[in-house]
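Have a look at the structure below before the remarks.
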Amino acid sequence: MTDISIGTQLPALTLPAINRTTLALFAGASGDHNPIHIDIDFAKRAGMDDVFAHGMLSMAYLGRLLTNWQPQSKLRKFETKFTAITQLRDVITCSGEVIDVFEYNNEPCAKVAIQAAKDDGTKTLVGEAVVAI
Amino acid sequence: MLDKSKIGHQFEPFSADVEKGRIKFFAQSIGETNPVYFNEQAAQEAGYKTIIAPPTFPMSLDFESPAFLPVVGLLQLDIGRILHGSQTFNYYGQLYAGDSIKVTSKIKDIFDKKGGALEFVILETDYVNQDDELICQASQTLVYRNG
């Protein structure tokens, strides 16, 4: 039994402001040591004002949004586009809404529109997930 | 312009051991608190064999490759000009602490937009566990800034 239907909102997830420690820890933990995310000298040489967050950090936050809502064993598909760069000090909020209930690989599933956005409304990631229901 | 003759190139597969501590560290770094990512007993009570890796963790295994991001060397990319455009995961099973995962990546496509100002590289990656189960397939788009 499920009470999941079109329009169901996922409980939003607001994250602490991104800081340099966040990025250093995520670089170490994820294995993504691209210096553009950790070394301001490198970032400036690459034409950026400063280091900026890994897209995959915000995608991982969106993953938390999904697995806070339903067990991870129900997650079938998870996709995002990275639409804006997440800068230091940005406060990211993840949210989602069920936009379809449908059969996916012969299994009843919900299609969830998901997004990560900054305080000013700028969407940094937009995507969809498919979750068994 | 990037070398489009590399479309279809498959990188040398490699195996990555997924240690429990690695999953915990990853989970901590994203602020995760659900015990299924930290505690074996909690994971088992939730119906899993043992501690599971968070949904986006498989991509971290890409960095276990003998060369950091082999696509960078193959296409002679300047790492400061790469942006991540999009990422997709399809899940067929769970990635557990203790697994040994074979990672196989290939270049699915290379194309450009805006008169070559932006180039795109599509990579597809399969993650297969020690029991030969395909547990996850990923697709990622890298965006390369020219000028």
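The values are calculated or read from the model by the stated rules, or taken from the named source; none is laboratory data. Everything numeric in this text was worked out from a predicted model, so none of it was measured. Note: ideal-geometry Cβ built from the backbone for every residue, glycine included; neighbour counts use all protein chains shown.
Would the range A:56-63 turn up any residue that is more than 9 Å from every other protein chain (Cβ to nearest Cβ), of a type in the set (S, T, N, Q) and under 14 Å from the mean Cα position of the chain (by Cα)? Step through it out loud before you land on a result.
From the range A:56-63, those more than 9 Å from every other protein chain (Cβ to nearest Cβ) are A:58; that's our starting set.
Checking the rest, the ones that are also of a type in the set (S, T, N, Q) come to A:58.
Add one more test, that the residue is under 14 Å from the mean Cα position of the chain (by Cα), and what stays is A:58.
Checking the range A:56-63: at least one residue is more than 9 Å from every other protein chain (Cβ to nearest Cβ), of a type in the set (S, T, N, Q) and under 14 Å from the mean Cα position of the chain (by Cα).
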- [ ] Might you let me know whether the range B:81-95 holds any residue that is away from chain A (no Cβ under 12 Å), surrounded by fewer than 21 Cβ atoms within 10 Å (Cβ to Cβ) and more than 12 Å from residue B:16 (Cβ to Cβ)?
- [x] no
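Output the residues belonging to the range A:38-52 that are more than 7 Å from every other protein chain (Cβ to nearest Cβ) and surrounded by fewer than 21 Cβ atoms within 10 Å (Cβ to Cβ).
To start, the set of residues in the range A:38-52 that are more than 7 Å from every other protein chain (Cβ to nearest Cβ) comprises A:38-41, A:43-44, A:47-52.
Selection gives A:38, A:39, A:40, A:41, A:43, A:44, A:47, A:48, A:49, A:50, A:52.
What residue, among those in the range B:41-56 that are in contact (Cβ under 8 Å) with a residue 12 or more places away in the chain and more than 8 Å from chain A (Cβ to nearest Cβ), is nearest to residue A:27 (Cα to Cα)? Please lay out each step first, then the result.
Step one: filter the range B:41-56 for residues in contact (Cβ under 8 Å) with a residue 12 or more places away in the chain, giving B:48-56.
The next check asks that each one be more than 8 Å from chain A (Cβ to nearest Cβ); those that pass are B:49-51, B:53.
On the way: B:49: 28, B:50: 25, B:51: 22, B:53: 17 Å.
Across the range B:41-56, the extreme among qualifying residues is B:53.
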- [ ] Could you please let me know if residue A:9 is within 16 Å of residue A:133 (Cβ to Cβ) and either modelled with pLDDT of 95 or more or crowded, with 18+ Cβ neighbours inside 10 Å (or both)?
- [x] yes
Task: Test for residue A:102: is it under 23 Å from residue B:88 (Cα atoms), of a type in the set (Phe, Trp, Tyr) and part of a strand (DSSP E or B) - done: yes
- [ ] Considering only residues that are part of a loop (DSSP other than H, G, I, E, B) and of a type in the set (A, V, I, L, M, F, W, C), look in the range B:1-40 and name the one that is farthest from the other protein chains (Cβ to nearest Cβ).
- [x] B:7
Task: Scan of the range B:30-68 for residues that are crowded, with 21+ Cβ neighbours inside 10 Å and among the polar types (S, T, N, Q), ordered by number - done: B:56, B:60
Open item on the list: Looking at A:14, A:2, A:83, A:21 in this structure, which one is buried (at least 16 other Cβ atoms within 10 Å of the Cβ), among the hydroxyl-bearing types (Ser, Thr, Tyr) and more than 7 Å from every other protein chain (Cβ to nearest Cβ)?
Closed with: A:83
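Please pick out the residue among B:76, B:94, B:87, B:130 that is assigned to a loop (DSSP other than H, G, I, E, B) and either in contact with a helix residue (DSSP H, G or I) (Cβ under 7 Å, 6 or more places away or on another chain) or hydrophobic (A, V, I, L, M, F, W, C) (or both).
Working: B:76 fails: either in contact with a helix residue (DSSP H, G or I) (Cβ under 7 Å, 6 or more places away or on another chain) or hydrophobic (A, V, I, L, M, F, W, C) (or both); B:87 fails: assigned to a loop (DSSP other than H, G, I, E, B); B:130 fails: either in contact with a helix residue (DSSP H, G or I) (Cβ under 7 Å, 6 or more places away or on another chain) or hydrophobic (A, V, I, L, M, F, W, C) (or both).
Every option except B:94 fails the conditions.
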